[in-house]
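Shown next, in structure tokens, is the structure this report addresses.
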Amino acid sequence: MTDYKQELNEVMANNKNLFASTGATGKAFLGVHEEAIKAGALDSKTKALEALGIAVAIRCEGCIVQHVKGAIKLGATRDEIVETINVAIMMGGGPSTVYGGKALACADQFLQE
């Protein structure tokens, strides 16, 4: 069984190291993330769920862990995460079922905290 908390910590540590090394590029990316997730016509939770769906569809494990945690932090429920995974499966096909399963297992771990 994957320890998604440990995986999240590893991804965050790697990102911290990366962004400390990339200078203006890393700072700009973090700014894009902050602006993109900010509430506007869509609330931040919806945007976090969108990011999760994209992460599942493009099969990015580190992204999945970060966006599951972010969506839960913003109040996403298990049912909302499952519906997000359903849309990702529609868009990403069979491989998204594998990564959707990982996203759901990750959500189940974080929701138990």
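The values are calculated or read from the model by the stated rules, or taken from the named source; none is laboratory data. Here the structure is a predicted model, which means the values were calculated and not measured. Quick reminder, even Gly has a Cβ in these numbers, built from the backbone with ideal geometry, and neighbours come from all protein chains shown. What goes into the accessible areas is simple: the full protein's heavy atoms, side chains included, and nothing from ligands, DNA or RNA. Shrake-Rupley method; radii C 1.70, N 1.55, O 1.52, S 1.80 Å.
Taken over the stretch 36-64, the criterion of being open to solvent by 70 Å² or more (accessible area, probe 1.4 Å), of a type in the set (Lys, Arg) and over 13 Å from Gly100 (Cβ atoms) is satisfied by Lys38 alone. Being more than 9 Å from the chain's Cα centre (by Cα), of a type in the set (Val, Ile, Thr) and in a helix (DSSP H, G or I) is the filter here; which residues of the stretch 33-91 pass it? Those that are more than 9 Å from the chain's Cα centre (by Cα), of a type in the set (Val, Ile, Thr) and in a helix (DSSP H, G or I): Ile37, Thr46, Ile58, Ile72, Ile81, Val82, Thr84, Ile85, Val87, Ile89. Residues of the stretch 11-32 being under 29 Å from Thr97 (Cα atoms), more than 15 Å from the chain's Cα centre (by Cα) and open to solvent by less than 80 Å² (accessible area, probe 1.4 Å), which ones? If the condition is that a residue be under 29 Å from Thr97 (Cα atoms), more than 15 Å from the chain's Cα centre (by Cα) and open to solvent by less than 80 Å² (accessible area, probe 1.4 Å), then Ala13 is the only one that fits.
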